[in-house]
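What follows is a single structure, written as structure tokens, with notes after it.
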Amino acid sequence: MGKFLLGTNWKMNKTTAEGLAYTDGLTDIIPKFPEYQFFICSPYVQLWKQRELIDSKKSTLMLGAQNVHYEDCGQFTGEISPVMLKEIGLDLLEIGHSERRQYYNETDYTVNKKVLAGLKHGFTTLICVGDYMQEKEFGVSAEVLAKQIKIALHGVDEKDLDRVWIAYEPYWAIGVQGIPAEPEVVDSLHTMMRGVLVDLYGERGKDVPLLFGGSVNIKNAVAYAKCQDVNGLFIGRAAWHTDTFEEIMTALREAGIR
Ligand code: PEP
């Protein structure tokens with residue numbers, strides 16, 4: 001397993017000016033925390049400028065888009081293709097975030113197409129999976145996540161597995177209305193997801209980073225990071241300001257997370 005992963009998805013927040021100021025600040029902080037690999041998933045319109053800024057600062061910060069289409073080009077008004085994102089020189093594609101699934105008809109099957117397209121074009125794919133509260137209450141979260149993972153990875157060759165990351169983000173834990181997950185739930189579901197990956201890919205399945213996200217903040221980040229098979233944190237609101245993000249980094253370091 002590589003470095004512990006720490007990253008953020010801005011959703012539809014931050015203008016380009018705000019995003020560049022944030023990126024500039026984060027690239028100044030990152031050298032203080034060499035034990036972590038950082039990434040950000042930003043709105044499309046600022047990716048070119050961010051790429052230039054990150055490169056000009058010779059930063060290790062990985063840059064990703066929040067979505068992608070699965071075709072290289074075609075009659076898909078308003079969509080952005082992996083070829084276009086490749087031209088920017090992005091590192092990462094976030095695929096299947098819960099908001100894409102809930103509001104934009106993204107299904108396990110379109111997620112799979114996007115994963116295959118992203119891998120074909122050389123990206124690392126950050127696949128988001130999650131369960132609804134009702135599924136949690138009915139005790140079927142494990143089945144739901146296993147199904148999402150198996151479909152997302154259908155046809156993914158073992159040789160591409162080093163460019164697959166999976167984030168468990170319970171739908172009920174995400175965003176302003178989110179209820180933070182109990183660390184025991186995270187622990188048990190991450191262990192289960194690891195088992196699914198090992199069933200699919202044998203020993204290689206142990207190398208796929210599993211991230212957790214959903215109302216992660218300074219109070220709970222360490223507890224989540226200490227869970228079995230949590231190899232990174234995918235943070236929304238608490239990482240949208242570099243100072244609160246840095247507080248989390250410091251807390252993780254003090255807890256010995258690497
Ligand atoms: C997210 O939307 O992916 C997320 C983790 O958000 P938050 O941390 O704000 O709940």
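A short reminder: the numbers here are calculations on the coordinates, not readings from a lab. Just so it is clear, the model here is predicted, and its values are computed rather than measured.
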Cα centroid separation - region 37-116 against region 151-218, whole Å: 19
Within region 117-248, what is the number of lysine pairs with alpha carbons under 27 Å apart, leaving out pairs fewer than eight places apart on the same chain? 17
